[in-house]
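Student: Take this structure first; my questions come after.
Derivation of every value follows stated rules applied to the coordinates shown; laboratory data play no part. These numbers come from a predicted model, not from an experiment. Every residue, glycine as well, gets a Cβ built from its backbone with ideal geometry; the counts of neighbours run over all protein chains shown.
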Amino acid sequence: MKQIVRYNSGFMALVALLAVIWVTYTLMYLLTPYFGDDWGYLSVHRTSTGLDGLYPLHEFWLADARHWLHSNGRMANYLASFCLGVFPKWLIDVILGSAACAGAALIVRIGGLWRTDGYGSMAVIIVAVYAMLFPWWDMMFTIDFALNYPFALAVILAATYMFGRMKSADGKAPLMTSAVIIVGVVAGCMHESASLPVLAGVGVWLWFHRDDNGLSPMQRRMLWAFAAGTALATLSPGILFRAAGSEAWRVPDDNPWILVVKSAPITLIVAVAFICSLICSRRMRRMLPRIAASPAIVWGVAAIVALGPVAAGGIVGRSGWFSQAYALIFMCRWIRMSELRLPRAVTVTAAAVAWIVTVAQSIATSVTAVEFGRRMEVIDEAYLESADGVVFADDVDYLTSPWWTLQRIDHRTQDMTMERENIARYYHREHLPVILPRAAASIDFSTLHTARFNSGAVITTRKPEGDSCLSVTVIPFRRAGREFYLIMPRRRAAWGER
């Protein structure tokens, strides 16, 4: 009886944590205004006056084809432009909040810790690691990035879970076959950095099972569809040009080794722990062939292969999303197969602390996001009323959210010129938005030459040149018929960046 109670309490704690993540993360999506790439994809089919964007909605395929040729072949980005053009923001936000929760649940489910007697506390810890230590700070509460990472992960994990459940499917049902092929193609082309490593992992697993005909007819069809989708995303000319380094403007955040350390520390920790267990434990060495022949090898290989895009992509943060998720699944399966059990007092205490910290951080962050969302609404309203695009407001480039938010609250920054251009296009405005410090509202711009502010911002009529531009952001604007320049110190890099 004690064992049953322990099992139920651990599972209920896991379900409660997932419920809190679903509610608070959905609120975060609802409270985060359009940001960054959202404005670009929003303007593909829509503007503030209706479906009169760059492409008519019935020509979405032209927009997607251009995107495939010049940017990338990710289904996530195609969904971004289509969904932002068709669906209300609140509906997209609810879907993304659900996907964020589903990703955590699927990691535990595929890892074998879901409703598993004696491992409830470990499952809670795994979900807490996903919620607290993944790079949510890297604009993951914007719609486009959420579709590319948390949503893409949930879709691919759901497809692989479905793949594993079709072991006995004979493939004779036409409707089911069609559905499986569609799911496979969509999952495969969600994001090449996610699907290609999984395909490599499945390939290694099949090599170990090459003599026992390990796939059912339906699984084979889904695998081929998944491979086709992966090829569609990976062989996009835009991605190939990016991989070849043809984008001169893209400067890596750091060298490849440091990128891996910063972006996928969980993968490295799991890898080191596994190698140390092989070195120190004869029992683990005897288990190695069994682990290699199990589905665990899929996720171990996928986690390592996914480090390639991390090192090559040049971006700190979100690039390690998939590798770390796959590493957690591998660790879960490794723990289950080795029947590793720490003292119950240790796991229960660790799970309780992880549960409390995750819940507190999630709730506090969503509450704090309300204030930031209101500030951006006021700025947008002022921009629409401004004749020259100038808005006087709190200097949002220097707003810092409290430390407990872990920099998950995104707000508009003026060093993103493309974002400002997309905002002006969306609202059919001639002038790009420029946010000046509130103290500048009392300045007579007809006679102004230079004004300095406590935030470090400077408004001047003289354009900075040469090396003086390296450490500042320069934004030109017109006011009172004169040309001015807003000069600001470059915004502080997000956690994890250099």
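Student: For labels at LEU384 and SER168 in the simple 7 Å Cα→Cβ model, what's the distance in nm?
Tutor: Simple spin-label model gives 5.8 nm for this pair.
Student: Under the 0.36 nm per residue contour assumption, what length would be gained going from the current alpha-carbon distance of GLU430 and ILE279 to full extension?
Tutor: Details: separation 151, 0.36 × 151 = 54.36 nm, distance 6.57 nm.
That pair, GLU430 and ILE279, stretches by 47.8 nm at full extension.
Student: Which residues does a label at LEU340 reach in region 121-162, if reach means a backbone N under 20 Å from a point 7 Å past the Cα toward the Cβ?
Tutor: What the label zone holds, given the 20 Å backbone N cut-off, is 121-134.
Student: Can you give the charge dipole size of region 264-385 about its Cα centre, rounded to the nearest 20 debye, using +1 on the beta carbon of Lys and Arg and -1 on the beta carbon of Asp and Glu?
Tutor: On the way: 12 positive and 6 negative charges, 271 e Å.
Charge dipole, region 264-385, about its Cα centre: 1300 debye, nearest 20.
Student: For region 378-489, what value does the Rg/Rh ratio take when both radii are computed over Cα atoms and Rh is the Kirkwood radius, given to two decimals?
Tutor: On the way: Rg = 14.3 Å, Rh = 14.9 Å.
With Rh from the inverse mean 1/r over Cα pairs, Rg/Rh is 0.96.
Student: Relative to the longest principal axis of the C-alpha atoms of the chain, give the angle of the C-alpha long axis of helix 75-86, reported between 0 and 90° and rounded to the nearest 10°.
Tutor: Tilt relative to the chain: about 50 degrees.
Student: Next up: Students often check this: by mean Cβ neighbours within 10 Å, which of 484-490, 318-324, 41-47 ranks highest, and how do the rest follow? Walk me through the numbers on the way to the answer.
Tutor: Numbers: 484-490: 19.0, 318-324: 27.3, 41-47: 22.4.
For the peptides 484-490, 318-324, 41-47, the packing ranking is 318-324, 41-47, 484-490.
Student: For the pair VAL94 and VAL261, how long in nm is the line joining their label points, each one 7 Å along Cα→Cβ?
Tutor: Here the answer is 4.6 nm between the modelled labels.
Student: Would you mind putting 378-385, 143-150 in packing order, based on average other-beta-carbon counts within 10 Å, highest first? Provide the component values of the computation, followed by the final result.
Tutor: Details: 378-385: 14.6, 143-150: 27.0.
Listed from highest to lowest mean packing, they are 143-150, 378-385.
Student: Here is a further query. Which order do the peptides 106-115, 442-451 take when ranked by the mean count of other beta-carbon atoms within 10 Å per residue, highest first? Don't skip to the end; give the middle numbers.
Tutor: Numbers: 106-115: 21.7, 442-451: 11.8.
The packing order, highest mean first, is 106-115, 442-451.
Student: For THR473, what residues show an amide H to amide H distance below 5 Å, using hydrogens built from the backbone and excluding near sequence neighbours?
Tutor: The answer is MET488, ARG490.
Student: If you line up the long axis of helix 60-70 against the longest principal axis of the chain, both from Cα atoms, how many degrees apart are they, to the nearest 10?
Tutor: Computed tilt is about 90 degrees.
Student: Within region 77-112, list the residues whose amide N lies under 13 Å from a label point set 7 Å along Cα→Cβ of LEU54.
Tutor: 78, 81-82
Student: Now, a different point. When the chain is fully extended, how far beyond the present Cα-Cα distance does LEU288 get from ARG478, taking 0.36 nm per residue of separation? If you can, show how the numbers build up before the last one.
Tutor: Values: separation 190, 0.36 × 190 = 68.40 nm, distance 6.78 nm.
Length difference between fully extended and current span is 61.6 nm.
Student: Next question, about the same structure. Take the Cα atoms of the chain, build their convex hull, and give its volume per residue in Å³.
Tutor: Working: hull volume 83.1 nm³, N = 498.
For the chain, the hull spanned by Cα atoms encloses 167 Å³ per residue.
Student: Compute the FRET efficiency between VAL272 and LEU448 as 1/(1 + (r/R0)^6), taking r as their Cβ-Cβ distance and R0 = 56 Å, and round to the nearest 0.05.
Tutor: On the way: r = 58 Å, r/R0 = 1.04.
After rounding to 0.05, the efficiency reads 0.45.
Student: Could you run the Karplus curve 6.51 cos²θ - 1.76 cosθ + 1.60 with θ = phi - 60° over region 361-369 and give me ³J(HN,Hα) per residue in whole Hz, x for Gly and Pro?
Tutor: 5, 5, 5, 4, 5, 5, 5, 5, 5
Student: Quick query: amide H of ALA393 versus all other amide H atoms, modeled in the peptide plane; which residues come in under 5 Å with a sequence gap of 5 or more or a different chain?
Tutor: Amide H neighbours of ALA393: LEU436, ARG438.
Student: Got a sec? Which residues in region 188-227 would a label at LEU235 touch, if it sits 7 Å along Cα→Cβ and we count backbone N under 20 Å?
Tutor: Residues 188-203, 221-227 qualify, since their backbone N sits under 20 Å from the label point.
Student: In addition: Take MET139, MET176, MET331 and order them by how many other Cβ atoms sit within 10 Å, fewest up front. Don't skip to the end; give the middle numbers.
Tutor: Working: MET139 22, MET176 15, MET331 28.
Taking fewest neighbouring Cβ atoms as first place, the list is MET176, MET139, MET331.
Student: Magnitude of the Cβ-charge dipole of region 2-341, K/R +1 and D/E -1, about the Cα centre, nearest 20 debye? All intermediate terms of the calculation are to be shown ahead of the outcome.
Tutor: Numbers: 26 positive and 17 negative charges, 318 e Å.
Value, rounded to 20: 1520 debye.
Student: Please list, in chain and number order, the residues 5+ apart from ARG479 or on another chain whose amide H is under 5 Å from its amide H, with Hs placed from the backbone.
Tutor: Amide H neighbours of ARG479: PHE484.
Student: How many nm separate the modelled label positions at GLU421 and ALA228, each set 7 Å beyond the Cα in the direction of the Cβ?
Tutor: Spacing of the two 7 Å Cα→Cβ label points: 3.7 nm.
Student: Here's something else I'd like to know. I need to check one value: relative contact order of region 2-341, counting alpha carbon pairs closer than 8 Å and at least 6 residues apart, in percent. Intermediate values should be presented prior to the final figure.
Tutor: Details: 488 pairs, mean separation 71.5, N = 340.
The value is 21 percent.
Student: What angle, in degrees between 0 and 90 and rounded to the nearest 10, separates the Cα long axis of helix 417-426 from the longest principal axis of the Cα atoms of the chain?
Tutor: The angle comes out near 80 degrees.
Student: Roughly what % of DSSP beta bridges within the chain run antiparallel, to the nearest 5?
Tutor: On the way: 15 of 19 bridges.
Antiparallel: roughly 80 percent of the beta bridges in the chain.
Student: I would also like to ask the following. Got a sec? Charge dipole of the chain, +1 on Cβ for Lys and Arg, -1 for Asp and Glu; which of PHE445, ALA350, THR473 is way out at the positive end?
Tutor: ALA350
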